[in-house]
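Enquirer: One structure, as structure tokens, below. Some questions next.
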Amino acid sequence: VQESVGSVLRQLGPAGPLAVAATVLPPIGGFALLALLGVAGPWLAGHQEVGKLLYVAGFILLSGLALLPTYAQAALGGYAFGLAWGYPLAMIGFVGGAALGYFVGWRTSGTRVTQLIDRHPKLAAVYQALLGSGFWKTLGIITLWRLHSPFALTNFALGATRTNLVAYVVGTLVGLTPRTLAAVYI
């Protein structure tokens, strides 16, 4: 028997609405940040040390809670601090935000997501093939996902499925490097 999307979302408990929010909120926040780029960038640049700390803390918090998209935050770092500082600060923000999003997914889902996967043989087979076949394969998959995937939803989903944390962090760092460099440079 096919389950409806609503039924699956109900089975996920709080993880369902949070996954929807992680999909919908970042684009909305992105428009707001891009509209404020001309104000936020010069302010951060004019307050170098405090600006760097606020930028990283804001990046971690706002990307980890799925309120702003990472491309806009990386662009802000490049605008305010240039490539030499913007890139490493953005990478710190990315990894910190990814860790926060992972733990939000882990905590809010409990075991509901993994139980749902276990109840559906096709889902279990896909999960096993992608993330359950050892550290190196998981690391490779996460790295590839990070090259081009929705940041907030990926954080949440990989946390909710209890993905290996070390593979998650390393794969995030490696996979996000090219797109972060490009966004900060542009």
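Enquirer: Can you tell me the relative contact order of the stretch 1-102? Whole percent, Cα pairs under 8 Å, sequence separation 6 or more.
Expert: Reported as a whole number, the value is 29 percent.
Enquirer: Over the alpha-carbon set of the stretch 10-78, work out the extent along each principal axis and list the three values in angstrom, largest first.
Expert: 49, 21, 13
Enquirer: Arrange the residues R112, R10, R179 by how much accessible surface each exposes, largest first, with a 1.4 angstrom probe.
Expert: Of R112, R10, R179, the descending order of accessible area is R10, R112, R179.
Enquirer: Still on this structure, please answer the following. With a 1.4 Å probe and all protein chains kept in place, how do S4, S149, S109 rank by accessible area, largest first?
Expert: S4, S149, S109
Enquirer: Sorted by accessible area with a 1.4 angstrom probe, largest first, how do L181, L153 fall?
Expert: Largest accessible area first, the list is L181, L153.
Enquirer: Further question on the same structure: Run the helix sum for the chain: -39,500 (n - 2.57) per DSSP H stretch of 4+ residues, divided by residue count, reported at 222 nm to the nearest 500 deg cm²/dmol.
Expert: -29000 deg cm²/dmol
Enquirer: For the stretch 177-186, in order, what is each residue's ³J(HN,Hα) by Karplus, 6.51 cos²θ - 1.76 cosθ + 1.60 with θ = phi - 60°, in whole Hz (x at glycine and Pro)?
Expert: So the J values, rounded to whole Hz, are 4, x, 6, 5, 4, 5, 5, 5, 5, 5.
Enquirer: Let me ask something else about it. Could you state the accessible area per residue of the chain in Å², with a 1.4 Å probe and every protein chain left in place?
Expert: Values: 9590 Å² over 186 residues.
It amounts to 52 Å² per residue over the chain.
Enquirer: Still on this structure, please answer the following. The chain: D in µm²/s via Stokes-Einstein (Kirkwood Rh, Cα pairs, 37 °C, 0.692 mPa s)?
Expert: So the translational diffusion coefficient is about 193 µm²/s.
Enquirer: Okay, moving on. Can you give me the Kirkwood hydrodynamic radius for the stretch 146-186, using every pair of distinct Cα atoms, in Å to one decimal?
Expert: Working: mean 1/r = 0.0926 Å⁻¹.
Evaluated on the stretch 146-186, it is 10.8 Å.
Enquirer: Follow-up. Quick one: Debye curve from the alpha-carbon atoms of the stretch 79-141 only, equal weights, vacuum; give me log10 I(q)/I(0) at q = 0.17, 0.20, 0.21, 0.24 Å⁻¹ to two decimals.
Expert: -0.78, -0.91, -0.95, -1.04
Enquirer: Which distance in nm do the two modelled labels at V174 and Q11 give, with both placed 7 Å along the Cα-to-Cβ direction?
Expert: Distance between the two pseudo-spin positions: 3.3 nm.
Enquirer: A further question on this structure: Give me the distance in nm between label points sitting 7 Å out from Cα along the Cα-to-Cβ direction at R107 and W136, one decimal.
Expert: 3.5 nm
Enquirer: Ignoring ligands, DNA and RNA, please state the percent of accessible area on the chain from carbon and sulfur, probe 1.4 Å.
Expert: Carbon with sulfur: 75 percent of the solvent-accessible area.
Enquirer: Quote the Stokes-Einstein diffusion coefficient, in whole µm² s⁻¹, for the stretch 53-162, based on the Kirkwood radius over alpha carbon pairs, a temperature of 10 °C and a viscosity of 1.306 mPa s.
Expert: Using the Kirkwood radius from Cα pairs, D works out to 107 µm²/s.
Enquirer: Taking Cα pairs under 8 Å and at least six residues apart, what relative contact order does the chain come out at, in percent?
Expert: Numbers: 270 pairs, mean separation 51.5, N = 186.
Once divided by the residue count of the chain, the mean separation gives 28 percent.
The values are calculated or read from the model by the stated rules, or taken from the named source; none is laboratory data. From a predicted model like this one, the values you see are computed outputs, not experimental measurements. Note that we place each Cβ from the backbone using ideal geometry, even for glycine, and neighbour counts take in every protein chain shown. Just the protein is used for accessible areas: all its heavy atoms, side chains included, with ligands, DNA and RNA removed. Shrake-Rupley method; radii C 1.70, N 1.55, O 1.52, S 1.80 Å.
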